[in-house]
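So the structure is just underneath, and the comments pick up after that.
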Amino acid sequence: MLKRAMCNKCEYPLKTCVCSAVNQIENKIEVIILQDKNEVNNAKNTARLVALCLTDISIIKSDDTTRLTQLQNSCLSDPRSFALFFPCNNSHAFEHHFPNLQNNNLGTSTAVKHLLFIDGTWRKAKRLYLSHEWLQSLPSFHFNEPLEGMYRIRKTSINNGISTLEAVAYVVSKTDDIPSKPLYDLFEKMQSFWPSN
């Protein structure tokens, strides 16, 4: 069986290449996505779209023990430099706190330098969070505003569930005061190749 021809840049099959919709955004605060290992090869995953748009981003796969250990050590040594976006019992409303996370505070000793997201289905993201105590020790945030998800091609089991791309777009539009439109344009381009659920 012949392998499909792939685009070297976006790494999608040539017939579903999204490069024409890629417009880079220069984010000031690093975005880190901790990705469940099962999401890596999911064609509908949105984390790789984020990586095509943002200039300062790292995707760490949950089974990459070396990079995961490096992330753990960084989180443990300076937890206040991280903001984890994951709803939990002790998370704070992002909308009330984002002025403190904005890039104009980067020079201060308490500045948040890393925006951390967990990428996976809700069940797998929650399992990742619960299986790493060091994640639970980070300042964490949830969204108070009910965001209208635009992820037509993949369903979620939770109310107001949104994709990783939508979460990142919402956060960086506030913390870095940059437009989220390039992310959503790329999101729409990717979804245009799929039938809606």
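The values are calculated or read from the model by the stated rules, or taken from the named source; none is laboratory data. These numbers come from a predicted model, not from an experiment. No Cβ is skipped: glycine too gets one built from the backbone with ideal geometry, and neighbour counts run over all protein chains shown.
Checked against the criterion of being hydrophobic (A, V, I, L, M, F, W, C), modelled with pLDDT of 95 or more, within 24 Å of VAL40 (Cβ to Cβ) and in contact with a Phe, Trp or Tyr (Cβ under 9 Å, 6 or more places away or on another chain), region 131-148 has at least one qualifying residue. In the condition set (1) touching a strand residue (DSSP E or B) at 6+ places or on another chain (Cβ under 8 Å); (2) in contact (Cβ under 8 Å) with a residue 24 or more places away in the chain; (3) surrounded by 13 or more Cβ atoms within 10 Å (Cβ to Cβ); (4) farther than 20 Å from LEU165 by Cα, TRP134 is compliant with all but (1).
What do you reckon, is THR108 assigned to a helix (DSSP H, G or I), loosely packed, with under 14 Cβ neighbours inside 10 Å and either modelled with pLDDT under 95 or at negative phi (or both)? So THR108 fails the test.
One residue alone among ILE118, ILE158 is closer than 27 Å to ALA43 by Cα, β-branched (Val, Ile, Thr) and either in contact with a His (Cβ under 7 Å, 6 or more places away or on another chain) or at pLDDT below 90 (or both), and that residue is ILE158. Could you please let me know if LYS44 is assigned to a loop (DSSP other than H, G, I, E, B), buried (at least 16 other Cβ atoms within 10 Å of the Cβ) and not hydrophobic (A, V, I, L, M, F, W, C)? No: the conditions fail for LYS44. If you filter region 1-44 down to residues that are of a type in the set (S, T, N, Q) and free of Cβ contacts under 8 Å to residues at least 60 places away in the same chain, you find that the one that is farthest from LEU68 (Cα to Cα) is ASN8.
Every residue, every condition in (1) crowded, with 16+ Cβ neighbours inside 10 Å; (2) in a loop (DSSP other than H, G, I, E, B); (3) of a type outside the set (D, E, K, R), yes or no:
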site	(1), (2), (3)
LYS3	no, yes, no
LYS9	no, yes, no
LYS15	no, no, no
ILE60	yes, no, yes
LEU76	no, no, yes
CYS88	no, yes, yes
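Each row is one residue, and each column tells you yes or no for (1) farther than 18 Å from ILE57 by Cα; (2) modelled with pLDDT of 90 or more.
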site	(1), (2)
LEU2	yes, no
ASN8	yes, yes
SER20	yes, yes
ASN23	no, yes
ILE29	no, yes
LYS37	no, yes
VAL40	no, no
ALA43	yes, no
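No other residue among ALA47, ALA83 is of a type in the set (A, V, I, L, M, F, W, C), touching an Asp or Glu at 6+ places or on another chain (Cβ under 9 Å), in contact (Cβ under 8 Å) with a residue 12 or more places away in the chain and under 19 Å from ASP176 (Cβ atoms) apart from ALA47. Annotation note: of LEU84, LEU115, LEU71, the sole residue that is surrounded by 20 or more Cβ atoms within 10 Å (Cβ to Cβ), closer than 24 Å to CYS10 by Cα, touching a Leu at 6+ places or on another chain (Cβ under 9 Å) and not acidic (Asp, Glu) is LEU115.
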